[in-house]
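Colleague: This is the structure I have questions about; it appears just below.
The values are calculated or read from the model by the stated rules, or taken from the named source; none is laboratory data. Given the structure is predicted, the values throughout are model-derived calculations rather than measurements. Reconstructed Cβ throughout: ideal geometry from the backbone, glycine too, with neighbour counts over all protein chains shown.
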Ligand code: NDP
């Protein structure tokens, strides 16, 4: 048996990764972040529209969809397809789109290929312009879905839900909002998303900064010039700009900033892993050749390959499927070498680790090959496993550091420690700037309801927050005992396919539509999961090992609770179907198609 010599010292890498993690662990964990308040309170406002005056509503609809992002839109579309016309989106923003409504920063795009990320492409007949589409096109697609399915008709925008209250006497939810509404809905679907509230680092002196400041999710084009379509931000030509953070958002907007600003200071705590993007236009002639059902096939192909399964062809072919392909290659090699011997869990774990080391070594080499200044290149190298943080893919980010006006201020894992009225301190060095851009991310609602800003009160006054105090309790991540006619939309306790979030959402929409349609057909007023079915579902997740989400060996971030211990609650919240996303989607389809809706009670 011959083996290829492995040039990577895996043990040395493990040690280096842990050293780098330790530099970043801090006792305050999630508490290091603060809600925008005081001088920064307006960071939560909507800069894009002035809310329209309207009278409060007390009417009734069949389904209320909380959130107008792709969760609400795909559920709304599927409901309309099932003949449920009476559907109302309630959305805090001034339009549909969710994260794609709020995030209009320059360079914003989706890291997941548009052919699978954009929902309902066949239904809308839309061809994405590129393999990876920019934010305005994604926002446009959200609006297209809303228009095609007439979801604007009853929608309430610039409206925050303040409370959902179950009225047992009428078997209806009462939806209370900050606009004084108290309307009724037979069913409610909650598509509030996990990353919707901007957060700021709790840096000493943050309040004292007197220059201009904004958060990436509320980009201030009045100040910077330019626009979300990529026009040069000409007003920055005489400005010294600081950006705090180097996560997935910063990686996308640093290129355009570097081109525009007189000086750009990038304050880095942990470098992102940035692999090649290789974006390209989609050929309309090729697109026309795709037959009916192509999107389902692409979705299944990606989900299969990305989660370690086998397929004859890699339709999406990108950074997400790359590592899975490598592992598959190793398995086949090993299979051949050992004459068909069993591939055990230990082999798989090592294969994962070795492929990851290989990938991250390439990513570090890529930094060196692009960034000209040696010290800057060294500081931009990520030392952790690829899925510890959101993997990034970009062909202009690293190049930005070759611009003479761009300066990486690496804090060696410590982060920015102090701000004053004119700028930022790192150690003993002060950086005077005109503007600070916070690319510091969002509060993470791991259980789908944390951070939504409203309470949900079910049967007998039961509060959903209390019900989930020890972690989410659901059937399929969607149905909760004690909360009849309520659907929770999200990947948790379901497929948990993080690399293509919208796949989880579209499937959820299909499920909601079939349950509602069935209830209407049966004349049922209420649908509720039985306690036994919920318990049986949750019991699959008891004692599950943390995946990357929750891996204490990872560098801290929102994926692993900022490095703080992961208790049973967090494990339950970040649980996925044990057999994986592909098996979950198959299971769910069969569950729906059987027409039995096992585990739900219709009354
Ligand atoms: P993140 O939470 O990923 O990044 C926040 C950044 O701020 C990190 O680099 C963090 O460093 C840094 N930071 C925090 N405190 C300090 C400090 N005191 N000093 C210096 N730096 C600090 O937020 P993003 O907005 O970048 O991304 C959020 C999520 O949004 C992504 O994970 C992804 O899921 C999604 N997204 C998706 C995109 C897509 O293509 N689909 C594009 C953009 C975002 P550290 O890493 O050390 O914590």
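Colleague: Considering only residues that are touching a residue at least 24 places away in the same chain (Cβ under 8 Å) and more than 30 Å from residue 170 (Cα to Cα), which ones fall in segment 43-69? Break it down stepwise before answering.
Modeller: The initial filter retains those residues of segment 43-69 that are touching a residue at least 24 places away in the same chain (Cβ under 8 Å), namely 43-49, 51-52, 54, 56-69.
Passing the criteria: 43, 44, 45, 46, 47, 48, 49, 51, 52.
Colleague: A further question follows. Quick test for you: out of 97, 92, 107, 83, pick the one residue that is touching a helix residue (DSSP H, G or I) at 6+ places or on another chain (Cβ under 8 Å), assigned by TED's automatic domain parsing to the domain that holds residue 523 and either crowded, with 24+ Cβ neighbours inside 10 Å or assigned to a strand (DSSP E or B) (or both). Show your work before the answer.
Modeller: On the way: 92 fails: touching a helix residue (DSSP H, G or I) at 6+ places or on another chain (Cβ under 8 Å); 107 fails: either crowded, with 24+ Cβ neighbours inside 10 Å or assigned to a strand (DSSP E or B) (or both); 83 fails: either crowded, with 24+ Cβ neighbours inside 10 Å or assigned to a strand (DSSP E or B) (or both).
Only one candidate qualifies: 97.
Colleague: Quick check: is even one residue across segment 284-291 within 16 Å of the ligand (Cβ to nearest atom) and out of contact with any strand residue (DSSP E or B) (no Cβ under 7 Å at 6 or more places or on another chain)?
Modeller: Of segment 284-291, the ones within 16 Å of the ligand (Cβ to nearest atom) are none.
No - not one qualifying residue is present in segment 284-291.
Colleague: Considering only segment 292-299, I want to know if a residue exists there that is without any contact (Cβ under 8 Å) to a residue 24 or more places away in the chain and either surrounded by fewer than 23 Cβ atoms within 10 Å (Cβ to Cβ) or within 13 Å of the ligand (Cβ to nearest atom) (or both). Even if it seems obvious, please write down each step before you answer.
Modeller: Pass one, segment 292-299, residues without any contact (Cβ under 8 Å) to a residue 24 or more places away in the chain: 296-297.
Now restrict to residues that are either surrounded by fewer than 23 Cβ atoms within 10 Å (Cβ to Cβ) or within 13 Å of the ligand (Cβ to nearest atom) (or both): 296-297.
The answer is yes, given that some residue of segment 292-299 is without any contact (Cβ under 8 Å) to a residue 24 or more places away in the chain and either surrounded by fewer than 23 Cβ atoms within 10 Å (Cβ to Cβ) or within 13 Å of the ligand (Cβ to nearest atom) (or both).
Colleague: Continuing with this model, one more query. So, in segment 136-175, exactly how many residues are in a strand (DSSP E or B), farther than 18 Å from residue 100 by Cα and touching a residue at least 24 places away in the same chain (Cβ under 8 Å)?
Modeller: Total satisfying the criteria: 9.
Colleague: Within segment 189-197, can one find any residue that is outside the structural domain of residue 68 (by TED's automatic domain parsing) and more than 13 Å from the ligand (Cβ to nearest atom)?
Modeller: no
Colleague: Among the residues of segment 22-41, count how many are loosely packed, with under 14 Cβ neighbours inside 10 Å and in contact with a helix residue (DSSP H, G or I) (Cβ under 8 Å, 6 or more places away or on another chain). Let's see the steps before the verdict.
Modeller: Taking segment 22-41 and keeping what is loosely packed, with under 14 Cβ neighbours inside 10 Å, we get 22, 27-28, 31, 37-39, 41.
Checking the rest, the ones that are also in contact with a helix residue (DSSP H, G or I) (Cβ under 8 Å, 6 or more places away or on another chain) come to 38-39.
Count: 2.
Colleague: Give segment 111-135 a look and list any residue that's within 22 Å of the chain's Cα centre (by Cα), more than 16 Å from the ligand (Cβ to nearest atom) and outside any loop (DSSP other than H, G, I, E, B), or say none.
Modeller: 121
Colleague: Counting residues that are within 16 Å of the ligand (Cβ to nearest atom) and under 19 Å from residue 269 (Cα atoms), which strands (runs of 3 or more DSSP E) fully inside segment 405-484 reach at least 1? Outline the logic, then answer.
Modeller: Numbers: elements: 406-410, 423-426, 429-432, 435-438, 455-457.
Here the list reads 406-410, 423-426, 429-432, 435-438.
Colleague: Here is a follow-up. Give me the residue from segment 195-228 that is on the phi > 0 side of the Ramachandran plot and out of contact with any helix residue (DSSP H, G or I) (no Cβ under 6 Å at 6 or more places or on another chain) and, out of that set, surrounded by the fewest Cβ atoms within 10 Å (Cβ to Cβ).
Modeller: Filtering segment 195-228 for residues on the phi > 0 side of the Ramachandran plot gives 205, 225-226.
Add one more test, that the residue is out of contact with any helix residue (DSSP H, G or I) (no Cβ under 6 Å at 6 or more places or on another chain), and what stays is 205, 226.
On the way: 205: 13, 226: 19.
The residue in question is 205.
Colleague: Something else now. Right, residue 502: within 30 Å of residue 201 (Cα to Cα) and either in contact (Cβ under 8 Å) with a residue 24 or more places away in the chain or crowded, with 23+ Cβ neighbours inside 10 Å (or both) or not? Even if it seems obvious, please write down each step before you answer.
Modeller: On the way: within 30 Å of residue 201 (Cα to Cα): yes; either in contact (Cβ under 8 Å) with a residue 24 or more places away in the chain or crowded, with 23+ Cβ neighbours inside 10 Å (or both): yes.
Answer is yes for this residue.
Colleague: Search segment 246-266 for residues being within 7 Å of the ligand (Cβ to nearest atom) and surrounded by 24 or more Cβ atoms within 10 Å (Cβ to Cβ), and hand back the single one that is nearest to residue 437 (Cα to Cα).
Modeller: Initially, segment 246-266 is screened for residues within 7 Å of the ligand (Cβ to nearest atom), giving 246-250, 252.
Within this subset, residues satisfying the condition of being surrounded by 24 or more Cβ atoms within 10 Å (Cβ to Cβ) are 246, 249-250, 252.
Values: 246: 11, 249: 11, 250: 10, 252: 13 Å.
Here the residue is 250.
Rundown of residues vs (1) farther than 24 Å from residue 100 by Cα; (2) in contact with a strand residue (DSSP E or B) (Cβ under 8 Å, 6 or more places away or on another chain), yes/no style:
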| position | (1), (2) |
| --- | --- |
| 207 | yes, no |
| 222 | no, no |
| 246 | no, yes |
| 255 | no, no |
| 261 | yes, yes |
| 265 | yes, yes |
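Colleague: Additional query: Which of the residues belonging to segment 496-529 are more than 17 Å from residue 187 (Cα to Cα), modelled with pLDDT of 95 or more and in contact with a strand residue (DSSP E or B) (Cβ under 7 Å, 6 or more places away or on another chain)?
Modeller: Within segment 496-529, just 504 meets the criteria.
Colleague: Now for a different question. With the requirement that a residue be farther than 17 Å from residue 248 by Cβ and within 16 Å of the ligand (Cβ to nearest atom), what does segment 198-217 give you? Can you show your working first?
Modeller: Looking only at segment 198-217, we keep the residues that are farther than 17 Å from residue 248 by Cβ, and these are 200, 202-214.
Passing the criteria: 200, 202, 203, 204, 205, 206, 207, 208, 209, 213, 214.
Colleague: Another question about this same structure. With respect to the numbered conditions (1) away from the ligand (no atom under 16 Å from the Cβ); (2) under 26 Å from residue 442 (Cβ atoms); (3) in contact (Cβ under 8 Å) with a residue 40 or more places away in the chain, which one is the sole condition not fulfilled by residue 565?
Modeller: The single condition residue 565 does not satisfy is (3).
Colleague: Residues to consider are 242, 231; find the one that is assigned to a strand (DSSP E or B) and either outside the structural domain of residue 377 (by TED's automatic domain parsing) or more than 7 Å from the ligand (Cβ to nearest atom) (or both). Working first, answer last.
Modeller: Values: 231 fails: assigned to a strand (DSSP E or B).
Result of the check over 242, 231: 242.
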